[in-house]
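The structure appears right after this line, and notes come after that.
Nothing in this text is a laboratory measurement; each read-out follows from the coordinates by a stated rule. No experiment lies behind these values; they were computed from the predicted model shown. FYI the Cβ positions are ideal-geometry reconstructions off the backbone, even for glycines, and counts take in every protein chain you see.
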Amino acid sequence: YQTIKRANEANKVNLSVKKDIPKVVDFIDIEDITEKVSLCRCWRSKNWPYCDGAHGGHNKETGDNIGPVVVRHKEN
Ligand code: FES
């Protein structure tokens, strides 16, 4: 059991965001997005759920290539 648990710990994506709740779900009202919003996909942001650029350090350390999803209005 300990071996399985250790393996699971190593596979965790979320290391620090809202660890006191069973599932992290965030809501952003579309009406509140004025121009655009960058949402974190690396789970390293200190400004969750928004991207704060922390993915850059993660990519550098690990050789990963992840970045945010940017939600924006269509340009007319
Ligand atoms: Fe996580 Fe930018 S900080 S995607």
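Amide H to amide H distances under 5 Å link TYR50 with CYS40, where only residues 5 or more positions off or on other chains count and H is placed in the peptide plane. Remark: relative contact order (region 35-76) = 47 percent; criterion is Cα-Cα distance under 8 angstrom and separation of 6 or more residues.
For region 35-76, a Kirkwood hydrodynamic radius built from all Cα pairs, placed in the Stokes-Einstein relation at 25 °C and 0.890 mPa s, yields a translational diffusion coefficient of 228 µm²/s. Extending 7 Å from Cα along the Cβ direction at ILE4 and again at GLU35 yields two label points whose distance is 5.1 nm. Annotation: peptides 11-20, 25-34, 59-68, ranked by per-residue average of other Cβ atoms within 10 Å with the highest first, follow the order 59-68, 11-20, 25-34. Per residue, the chain reaches -6000 deg cm²/dmol at 222 nm when only DSSP H runs of four or more residues are counted, each adding -39500 (n - 2.57). In order along region 47-57, phi translates into HN-Hα couplings of 10, 3, x, 8, 5, 10, x, 4, 4, x, x Hz, rounded to whole numbers, per the Karplus curve 6.51 cos²θ - 1.76 cosθ + 1.60 with θ = phi - 60° and x for Gly and Pro.
Treating only the Cα positions of the chain as identical point scatterers, give the base-10 log of I(q)/I(0) from the Debye formula at each q in 0.15, 0.16, 0.17, 0.27 Å⁻¹. Result of the Debye calculation: -0.66, -0.73, -0.80, -1.27.
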